Amino acid sequence: MIRTFYETQKYLGFLVCSDTHKVVGPRLTSPKIVDKDSACMNLPNEKPPTPISADHKTMCKFSDAESQKFRPVWMAIKELVDSSPRVSVSQPLICA
C-alpha cells in the first residue's frame, strides 16, 4: 500500500539552488509545492492522498505527538503496520 501527503498552505520562503544550496532569489509566496493532484501517483495500491495542515517545509515537523499534523501521518503508518503480513520466525535469521 502506498500513502502520500500534500500540504494545504502556501509556502513562504526563499528560492534556493538545488545544486549549490545557496539562496538565489528573494523571499516569495509560492503556491503549494505539492498539491493534491501532484501527490497522487495513480498506482493500483495507492490510497487517496492525505492533506496536512501545513506548508511544504513544515508538514513533517511535529512539535509533539498531540500535534494536529502528526495524527494523519501516525494513522497512515499504523494502517500500514496493521495491514502488513504477519511473519513468524521459528529460527534465528542468519545473514551471510
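The values are calculated or read from the model by the stated rules, or taken from the named source; none is laboratory data. Small disclaimer: the values here were computed from a predicted structure and weren't measured. Heads up, the Cβs are rebuilt from the backbone with ideal geometry, glycines too, and the neighbour counts pull from every protein chain shown.
State whether the residues of segment 9-19 include one that is within 18 Å of the chain's Cα centre (by Cα) and modelled with pLDDT of 85 or more. Steps first, answer last, please.
We begin by selecting, within segment 9-19, every residue within 18 Å of the chain's Cα centre (by Cα); these are 9-11.
Subset that is modelled with pLDDT of 85 or more: 9.
Yes, because at least one residue in segment 9-19 is within 18 Å of the chain's Cα centre (by Cα) and modelled with pLDDT of 85 or more.
Which members of segment 25-59 meet the condition of being exposed (fewer than 10 other Cβ atoms within 10 Å of the Cβ) and modelled with pLDDT under 85?
Across segment 25-59, the qualifying residues are PRO26, ARG27, THR29, PRO31.
Among the residues of segment 51-73, what is the count of those that are in a helix (DSSP H, G or I), free of Cβ contacts under 8 Å to residues at least 12 places away in the same chain and within 11 Å of the chain's Cα centre (by Cα)? Break it down stepwise before answering.
At the first step, the residues of segment 51-73 found to be in a helix (DSSP H, G or I) are 70-73.
Next, from what is left, pick out any that are free of Cβ contacts under 8 Å to residues at least 12 places away in the same chain: 70-71.
Still in the running and within 11 Å of the chain's Cα centre (by Cα): 70.
Matching residues across segment 51-73 total 1.
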